[in-house]
Amino acid sequence: MNRTFDRRDFLKLGGAAAALAAAGCATTPQTRARVVVIGGGFGGATAAKYIRLWDPAIEVVLVERANLFTSCPISNLVLGGSKTMEDIRHSYDGLRKYGVQIVFDEALAVDAAKRSVRLERGGALSYDRLIVAPGIDFMYDQIAGYDAAMKTGRVLHGWKAGAQTVGLRKQLMQMKDGGVYVLSVPLAPYRCPPGPYERACQVASYFKKAKPRSKVLIVDANPDVTSKGPLFKKAWAELYKGMIEFRGNAKAIGVDPKTNTVKLEVEDVKGDVLNVIPPQRAGDLAVKAGLITANNRWCGVDWLTTESTAVKGVHVLGDATLSAPGMPKSGAMANQQAKICASAVVALLNGRAPNPEPKIANTCYSYVSADEAIHVASVHTWNAQQKTLTTVPGAGGVSSARNALEGSYAWAWAVNIWQDTLG
Amino acid sequence: MRIAIVCAAALAVAPMAASAQQQNAGRDLAASCAMCHGTNGRGAVGYEPLAGMAKQDLVRKFTEFRSGAKPATVMHQISKGYTDPQVQLIAEYFAAQKR
């Protein structure tokens, strides 16, 4: 709370940070607490909004590299052709009405001792509490030849919605009828457990209409479908008979775009479109900020507050975290974690104890066709014995069967979570 | 003058209102619902608006979801994760929100 700017600091800073500092000096007392949020995905944007909603006296600065939010949920429907990129791109402007200051810039480094974030263009931003929500980055080195293959544009992951979603859709449209689309799934944990299987459905749905002799081949590093297995398998058998083949225990170790080959531990498979999803870890900034605590991949947090177990005063949200038991890496979960974080940050900055019994609920929908969906739901509550969030026994579950009613709920879910996250 | 009015209003409400901690407990539990039902229970499409719903109505619906008396696609599963006192807190919070 002792954010002070002297003249020398001011001169050292350029662009956004100096402008924010000047605005702060002109309109607010120096004692006003500042929270900096890095990353405007489902976790970061929700935390920024809810802190302002619950305590407008706190200054909140959201640092985000992209001018528009692109949603991973629903992006598989863009691949299938029933939705477009315009449907999944959203403005950050809605956050401004809550008084969130948005800085479009790249966060380069965190100095936890000085409580300062260095930006690529905008100088430095000081904070009283920092929220890091960097999402995932990919461990390309785990798959031989991946980096080079991706740079040629021949092999894509499409696992961050955006340019690669567009690229993958284009490859599917250009593929000949009778072609093979290979989808390689990494070992869990990875972002969005049911995502690959929803993608298989959406691509098959497109093939069924446009290229009925084509095939979807899923090569999965996991022994079996990792989420909603029976529901997906039923959809594959009934809606896309003979089109989708699933091979478990089939981990990708290399790609060769010259021969259209994905090398697995056990065999090689060939395809016309190679959609290889590499293993993942917390986003690069988490690595630079020293927030990684588990397996060189994930950020450990105290789930009572989402504060990092490695760096005091820094909270981590979303897919970058070492998940609590039974907690998927999902946009919905990040939106929910952000509310635990916002409540704790507001309490701590006001000298109060954080909520001693946080509880959140998760619902994730997957479309198995253009209009039918299935869900998985869970409730996560603070467990004082285990000192983490655990799922409430007897609560949650999956759909009894795929249906169009859940399909309409799934679309409304997307519209509503975008609104709850972005204003 | 303005301060006096605020104080009088606060005093009038005080005996009925929960403590600050309880209010935040309700607020925090209710925030989880916002993902589908809209921030503070307002503005969502395709899901029941919760802002301004009478407390007893929300408690009744929640209880009926839990027992299976009210048909549901998801809420029969979510509702089983909340205790009666938690449902009361959630219902109080949404009842106090503007529609």
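The values are calculated or read from the model by the stated rules, or taken from the named source; none is laboratory data. Quick caveat: nothing in here was measured; it's all calculated off a predicted structure. Please note: Cβ atoms are built from the backbone with ideal geometry, for glycine as well, and neighbour counts cover all protein chains shown.
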Discussion item. Here are the criteria: (1) crowded, with 20+ Cβ neighbours inside 10 Å; (2) touching a residue at least 60 places away in the same chain (Cβ under 8 Å); (3) not small (Gly, Ala, Ser). Tell me which single one A:Val180 does not satisfy.
Written reply: (1)
Worksheet entry | Total residues in segment A:150-184, condition at pLDDT below 95 and among the hydroxyl-bearing types (Ser, Thr, Tyr) | 1
Response to the item:
Of the residues in segment A:366-423, those that are of a type in the set (Asp, Glu) and at the interface with chain B (Cβ under 8 Å from one of its Cβ atoms) come to A:Glu406, A:Asp420
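Could you check how many residues of segment A:211-227 are among the hydroxyl-bearing types (Ser, Thr, Tyr) and surrounded by fewer than 18 Cβ atoms within 10 Å (Cβ to Cβ)?
Qualifying residue count, segment A:211-227: 0.
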Fill in: Verdict on A:Ile374 being without any contact (Cβ under 8 Å) to a residue 60 or more places away in the chain and surrounded by 24 or more Cβ atoms within 10 Å (Cβ to Cβ)
no
Practice prompt. Please work out which one of (1) over 19 Å from the mean Cα position of the chain (by Cα); (2) under 23 Å from A:Ala282 (Cα atoms); (3) surrounded by fewer than 18 Cβ atoms within 10 Å (Cβ to Cβ) is the condition A:Lys208 fails and give its number.
Written response: (2)
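So, A:Ile143, is that one under 30 Å from A:Ser343 (Cα atoms) and surrounded by 17 or more Cβ atoms within 10 Å (Cβ to Cβ) or not?
It is false that A:Ile143 is under 30 Å from A:Ser343 (Cα atoms) and surrounded by 17 or more Cβ atoms within 10 Å (Cβ to Cβ).
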Worksheet item: Name the residues in segment B:68-84 that are part of a helix (DSSP H, G or I), of a type outside the set (A, V, I, L, M) and within 11 Å of another protein chain (Cβ to nearest Cβ), would you?
Response: B:His76, B:Gln77, B:Ser79, B:Lys80, B:Gly81
Response to the item:
A:Val266: passes all of (1) modelled with pLDDT of 95 or more; (2) more than 30 Å from A:Leu348 (Cα to Cα) but (1)
Practice prompt. Quickly run through segment A:122-147 and pick out the residues that are in the same structural domain as A:Phe69 (by TED's automatic domain parsing) and at pLDDT below 95.
Written response: A:Gly122, A:Gly123
Item to complete: Go through (1) within 13 Å of another protein chain (Cβ to nearest Cβ); (2) touching a residue at least 60 places away in the same chain (Cβ under 8 Å); (3) in contact with a Gly (Cβ under 7 Å, 6 or more places away or on another chain) and name the single condition A:Val345 misses.
Response: (3)
Worksheet entry | Selected residue (criterion: nearest to A:Gly39 (Cα to Cα)) from residues of segment A:280-305 that are of a type in the set (S, T, N, Q) and over 16 Å from the mean Cα position of the chain (by Cα) | A:Thr305
Item to complete: Would you point out which residue out of A:Ala324, A:Ala310, A:Ala334, A:Ala320 is in contact (Cβ under 8 Å) with a residue 12 or more places away in the chain, more than 14 Å from every other protein chain (Cβ to nearest Cβ) and surrounded by 23 or more Cβ atoms within 10 Å (Cβ to Cβ)?
Response: A:Ala320
Item to complete: Mind listing whichever residues of segment A:318-331 are assigned to a helix (DSSP H, G or I) and not small (Gly, Ala, Ser)?
Response: A:Asp319
Worksheet item: Only one of (1) surrounded by fewer than 16 Cβ atoms within 10 Å (Cβ to Cβ); (2) hydrophobic (A, V, I, L, M, F, W, C); (3) assigned by TED's automatic domain parsing to the domain that holds A:Cys192; (4) at pLDDT 95 or above is not met by A:Ala109, so which one is it?
Response: (3)
Practice prompt. Give me a count of the residues in segment B:41-61 that are surrounded by fewer than 21 Cβ atoms within 10 Å (Cβ to Cβ) and within 12 Å of another protein chain (Cβ to nearest Cβ).
Written response: 7
Discussion item. I'd like to check something: does segment A:269-280 contain any residue that is at pLDDT 95 or above, among the charged types (D, E, K, R) and in the same structural domain as A:Val182 (by TED's automatic domain parsing)?
Written reply: yes
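Please enumerate the residues belonging to segment A:242-275 that are of a type outside the set (Val, Ile, Thr), outside any loop (DSSP other than H, G, I, E, B) and in contact (Cβ under 8 Å) with a residue 12 or more places away in the chain.
A:Glu245, A:Phe246, A:Arg247, A:Ala252, A:Gly254, A:Asp256, A:Lys263, A:Leu264, A:Lys270, A:Leu274, A:Asn275
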Discussion item. Among the residues of segment A:312-348, what is the count of those that are among the polar types (S, T, N, Q) and under 22 Å from A:Tyr98 (Cβ atoms)?
Written reply: 4
Practice prompt. Residue by residue through segment A:295-317, note down the ones that are among the hydrophobic types (A, V, I, L, M, F, W, C), under 13 Å from A:Ala47 (Cα atoms) and part of a loop (DSSP other than H, G, I, E, B).
Written response: A:Leu317
Worksheet item: Scanning segment A:348-358 for residues that are surrounded by fewer than 24 Cβ atoms within 10 Å (Cβ to Cβ) and not charged (D, E, K, R), which turns out nearest to the other protein chains (Cβ to nearest Cβ)?
Response: A:Asn355
